[in-house]
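Notes for the one structure printed next.
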């Protein structure tokens, strides 16, 4: 039952059985059967299908919250068991954990995680910064990293990877609070006059994602080919934002960017693709216990 519930939670997070099957590395028929088993057990419908995928029913939302709490409790129990195993092993010495980090993780998320994880003496952290694409290629080609923290990439060449999605966010418009866009709003501002940027790792919005906003008010360069230009470094993007640029970023970054007087304007009624960040490792590689513990603590941070 536990794995059925986790499968259901992943489907809700992903918004589609197709995408969830890729994340779980499970066939679509097997995943659909898992959801059906839950619906049969509870005698209620848990998912509603729409043009873009699936969303939970009222009963599905209740079960989703329960599954989230159960997952967190399970991860905490796993962490305690792993710690006990380490404590009972007198020969266990420090292990160097090699992590590949995308820029967002390196600059924003990993420092936040490191401030909250237990100060263990069983591992030392070695971090390498690169693009999500390069990190994933290195993970496929060799044993350079124990795991990588990056954008979740949907690519068949990464089929042997195990994905752990940790952060999912809708994309929003961000700009400085002094920008006139805040007073007029998206619907009442000539967006063709804006200078758009985006982080290189962000997905492009598609025409059908924006149909409910009203394409007539959107800049031509917002649609493929996307935006005016790209940057990779979030701190560089912040400097551009403070000079009256507009940027598309995950809505979950709002707390961080508020420190720089930068605010989000969610795309109204938008069905924009979510932005996913997560942890990826090679399933065929043996994971030492200290590495498992550190990965577990990262999961707990986002649970």
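Criterion first (surrounded by fewer than 20 Cβ atoms within 10 Å (Cβ to Cβ) and either closer than 15 Å to residue 166 by Cβ or at pLDDT 80 or above (or both)) does residue 119 satisfy it? Judged against the criteria, residue 119 is not a match. Only one of the numbered conditions (1) under 20 Å from the mean Cα position of the chain (by Cα); (2) modelled with pLDDT of 75 or more; (3) surrounded by fewer than 19 Cβ atoms within 10 Å (Cβ to Cβ); (4) over 30 Å from residue 124 (Cα atoms) is violated by residue 249, and that is (3). Looking across region 122-138 at every residue that is modelled with pLDDT of 85 or more and farther than 10 Å from residue 98 by Cβ, the one that is surrounded by the most Cβ atoms within 10 Å (Cβ to Cβ) is identified as 135. If you go through region 103-114 and keep only what is at pLDDT 80 or above and either surrounded by fewer than 14 Cβ atoms within 10 Å (Cβ to Cβ) or under 20 Å from residue 238 (Cα atoms) (or both), you end up with 105, 106, 109, 110, 111, 112. For residue 227, the criteria (1) more than 30 Å from residue 142 (Cα to Cα); (2) modelled with pLDDT of 75 or more; (3) crowded, with 20+ Cβ neighbours inside 10 Å hold in every case but one, which is (2). Does residue 20 satisfy the condition of being in a helix (DSSP H, G or I), within 18 Å of the chain's Cα centre (by Cα) and without any contact (Cβ under 8 Å) to a residue 60 or more places away in the chain? Judged against the criteria, residue 20 is a match.
Residue pairs whose Cβ atoms lie under 6 Å apart, separated by 6 or more positions or on different chains, with the first residue in region 161-181 and over 16 Å from residue 298 (Cβ atoms) and the second in a loop (DSSP other than H, G, I, E, B) and modelled with pLDDT of 80 or more, are 177/261. Can you find a residue that is modelled with pLDDT of 85 or more and in a strand (DSSP E or B) anywhere in region 24-47? Among the residues of region 24-47, at least one is modelled with pLDDT of 85 or more and in a strand (DSSP E or B), which makes the answer yes.
Entry remark, region 48-71: residues being assigned to a helix (DSSP H, G or I), within 23 Å of the chain's Cα centre (by Cα) and loosely packed, with under 14 Cβ neighbours inside 10 Å number 4 in total.
Annotation: residue 100 fulfils all but one of (1) farther than 18 Å from residue 299 by Cβ; (2) in contact with a strand residue (DSSP E or B) (Cβ under 6 Å, 6 or more places away or on another chain); (3) surrounded by 12 or more Cβ atoms within 10 Å (Cβ to Cβ); the unmet one is (1).
Every condition in (1) assigned to a helix (DSSP H, G or I); (2) at pLDDT 60 or above is met by residue 265 except one, and the failing one is (1).
The values are calculated or read from the model by the stated rules, or taken from the named source; none is laboratory data. As the structure is a prediction and not an experimental result, all values here were calculated from the model. Backbone-built Cβ (ideal geometry, glycine too); neighbour counts: all protein chains shown.
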